[in-house]
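S.K.: Take this structure first; my questions come after.
The values are calculated or read from the model by the stated rules, or taken from the named source; none is laboratory data. What you are looking at is a predicted structure, and each value in this text was computed from that prediction instead of being measured. So basically every Cβ, Gly included, is an ideal-geometry build from the backbone, and we count neighbours across all protein chains shown. The area values use the complete protein model at the heavy-atom level, side chains included, leaving out ligands, DNA and RNA. Shrake-Rupley method; radii C 1.70, N 1.55, O 1.52, S 1.80 Å.
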Amino acid sequence: MRRLRKEKSVSQHETIHQAPSEGYSRGLNARTVQMIALGGAIGTGLFYGAGGAIEEAGPSLILAYLAAGLAIFVIMRALGELLTYRPISGSFAEYAEEFLGRFFGFATGWAYWAVWAATCMAEITVAGKYVEYWWPSVPTWLTALVVLLVLFSANLISVKLFGEAEFWFSAIKITAILGMILIGIGVLTLGFGHATNPTVTNLWADGGVFPNGFGSALMSLQVVMFAYVGVELVGVTAGEAKDPKQTLRKAINTLPFRIGLFYVGSLIVILSVASWQDFHAGKSPFVEVLEQIGIPAAAGIMNFVLLTAALSSCNSGIYSTGRMLRSLSLRHEAPEALGRLSSRQVPYVGITMSAAAMIIGVIVNILSPDRAFVYITSVSTIGIIFVWGVILACHLRYRRFVNRGALPASDYRLPGAPYTNWIALTFLAFVVVLLFFTEAGRIALAVGAVFGVLVGGGYFALLGRASSRY
């Protein structure tokens with residue numbers, strides 16, 4: 001159902017807090033959404049990017065993941081409260097328009113599209129790196145192109161196929177992390193394998209928890225924040241999830257467990273089995289630690305798992321960008337053609353445009369294969385920080401209207417609001433400041449500024465077209 005919306009005050013939205021069907025098929029069941037929530041944020045930021053982050057920050061990277069994880073939990077609980085108020089696909093842009101005004105709705109929608117387009121570029125970049133493990137002669141850009149074409153085709157078929165693919169991709173990732181943690185614990189407690197001096201004292205033995213200084217730990221936050229891209233994906237599934245209010249609530253409630261086990265837990269085990277000095281940028285610490293333990297074929301198996309993780313994240317990227325473009329189209333903030341659905345209720349035009357934009361990732365790999373991952377992830381990081389900040393700001397506005405009695409209260413509330421909102425917003429602002437101190441971060445800020453100018457120009461052009469109609 002198409003909803004034509006002009007900029008309205010929040011009080012005018014009192015009667016539409018139930019989610020419309022939006023024309024989508026609710027093909028994502030609770031099992032699928034739960035697994036998307038569990039595995040959605042487990043991607044190359046952790047599996048691949050952690051290698052360079054460990055080299056830079058040492059064991060203090062664990063603390064960086066924990067601090068960022070607390071901020072992410074606040075963001076997701078704020079999003080959860082908004083989703084139980086009104087679950088809808090393209091939720092971030094919808095809430096931004098409702099609570100902050102049409103410009104923020106427009107900017108948030110396009111920013112989130114750009115985030116996942118860049119993230120997918122990073123994932124296909126790393127997919128090429130993983131394939132090099134077996135076939136070093138295959139160029140990274142060729143693997144990236146093949147992966148993009150395969151996942152693009154799968155997303156065109158149906159949302160159910162996307163959900164099933166994501167379910168099994170996530171299941172593989174989760175099983176692999178749990179297996180690696182159990183193997184690591186076995187090495188530490190039973191002493192099997194060939195790792196050199198596996199002991200928890202490795203967490204502080206070689207130069208302490210902050211071997212390269214506290215500043216290096218802070219600088220690692222750029223990679224850490226990229227690793228969490230995807231936690232908000234459950235919000236995009238709202239338009240196609242069965243019983244979205246209950247399903248999304250359960251998915252968000254598992255977040256502290258996921259952060260504690262998959263991020264913090266896995267890094268504690270890895271950095272206990274081997275010294276942080278044994279890990280380096282450009283190679284997955286998960287593969288390296290298994291190579292050190294010496295389990296036959298384990299490193300190759302883990303490399304396959306990491307390849308599926310990259311495929312999973314890119315699969316999610318193509319899915320979310322197509323839905324966000326359609327959401328923008330239905331609000332007349334993108335070309336009307338992007339709102340078209342196929343006979344299988346798939347936004348095929350939006351998916352096609354997104355995949356075409358992701359070809360940029362292939363080009364970057366041709367021009368700068370060694371630095372492609374760093375450049376692309378930096379751009380994604382600045383975009384997702386903006387989107388997460390908008391979610392927190394929307395929640396603040398929503399609570400304000402609830403307190404006035406203008407909107408219905410949700411029974412799934414963010415603890416400690418509004419103070420926790422402001423703490424998380426301050427943390428996000430701090431990460432943006434840190435970007436000024438790295439080359440990749442400055443490039444990301446420059447790209448972000450150019451993108452901001454383009455968004456601003458697009459918005460004023462949109463207003464010009466709208467005014468010419470009346």
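S.K.: Can you tell me the length gained on complete extension of the stretch T254 to I185, counting 0.36 nm per residue apart and subtracting the Cα distance?
M.R.: In short, 22.5 nm is gained.
S.K.: Roll a 1.4 Å probe over the protein chains and send me the accessible area per residue for the range 116-192 in Å².
M.R.: Values: 3200 Å² over 77 residues.
Accessible area per residue, the range 116-192: 42 Å².
S.K.: Could you give the radius of gyration (one decimal) and Dmax (whole number) of the Cα atoms in the range 133-206, in Å?
M.R.: Taking only Cα atoms of the range 133-206, I get Rg and Dmax of 19.3, 53 Å.
S.K.: Given a 1.4 Å probe and heavy atoms of the protein chains only, how would you sort F214, F92, largest accessible area at the top?
M.R.: Reading off the accessible areas and sorting them downward yields F214, F92.
S.K.: Kindly provide the Kirkwood hydrodynamic radius of the range 33-192 in Å, to one decimal, from all pairs of distinct alpha carbon atoms.
M.R.: So the Kirkwood estimate lands at 18.8 Å.
S.K.: With every protein chain kept in place and ligands, DNA and RNA left out, what is the accessible area per residue of the range 372-457? Probe 1.4 Å, answer in Å².
M.R.: Details: 3870 Å² over 86 residues.
Counting only protein heavy atoms, the per-residue value for the range 372-457 is 45 Å².
S.K.: Continuing with this model, one more query. Hey, can you rank 96-106, 331-341 by average C-beta count inside 10 Å, highest first?
M.R.: Order by mean packing, descending: 96-106, 331-341.
S.K.: Starting from the 7 Å offset along Cα-to-Cβ, what nm value, one decimal, do you get for the label separation of A409 and F304?
M.R.: Spacing of the two 7 Å Cα→Cβ label points: 5.3 nm.
S.K.: What list of ³J(HN,Hα) couplings, whole Hz, do you get for the range 376-391 from phi and the Karplus terms 6.51, -1.76, 1.60, once you set θ to phi - 60° and write x for glycine and proline?
M.R.: 5, 5, 5, 5, 5, 4, 5, x, 6, 4, 4, 5, 4, x, 5, 4
S.K.: Counting only Cα atoms, I'd like the Rg/Rh figure for the range 279-389, Kirkwood definition for Rh.
M.R.: 1.09
S.K.: Long-range amide H contacts for L407: which residues qualify at under 5 Å (H placed 1.01 Å from N, peptide plane, sequence gap of 5 or more or a different chain)?
M.R.: V402
S.K.: Another question, then. Multiply the residue separation of T196 and T438 by 0.36 nm, subtract the distance between their alpha-carbon atoms, and state the gained length in nm to one decimal.
M.R.: Contour length minus Cα-Cα distance gives 83.8 nm.
S.K.: State the volume of the convex hull built on the alpha-carbon positions of the range 386-470, expressed per residue in Å³ and rounded to an integer. Please list the in-between numbers first.
M.R.: On the way: hull volume 10.7 nm³, N = 85.
Spread over its residues, the Cα hull of the range 386-470 gives 126 Å³ apiece.
S.K.: Can you tell me the equivalent ellipsoid semi-axes for the range 327-470? Use √(5λ) from the Cα gyration tensor, largest first, whole Å.
M.R.: They are 30, 27, 16 Å, listed largest first.
S.K.: Determine, from the Cβ-Cβ distance of S137 and K283 and an R0 of 25 Å, the FRET efficiency 1/(1 + (r/R0)^6), rounded to the nearest 0.05. List each step's numbers first, then the result.
M.R.: Details: r = 18 Å, r/R0 = 0.73.
Efficiency at R0 = 25 Å is approximately 0.85.
S.K.: Now, a different point. In whole Hz, with x marking every Gly and Pro, tabulate ³J(HN,Hα) for the range 172-177 from phi via Karplus 6.51 cos²θ - 1.76 cosθ + 1.60, θ = phi - 60°.
M.R.: 5, 4, 5, 4, 5, 5
S.K.: Right, here's the next one. Please report the equivalent ellipsoid semi-axes of the range 105-163, computed as sqrt(5 x eigenvalue) of the Cα gyration tensor, largest first, in whole Å.
M.R.: Sorted largest first and rounded, they come to 26, 16, 8 Å.
S.K.: Per residue, how much accessible area does the range 243-314 have with a 1.4 Å probe, in Å²?
M.R.: Normalised by residue count, the accessible surface of the range 243-314 is 32 Å².
S.K.: Continuing with this model, one more query. For the range 163-276, what % of the accessible area comes from carbon and sulfur atoms, probe 1.4 Å?
M.R.: Accessible surface attributable to carbon and sulfur in the range 163-276 totals 69 percent.
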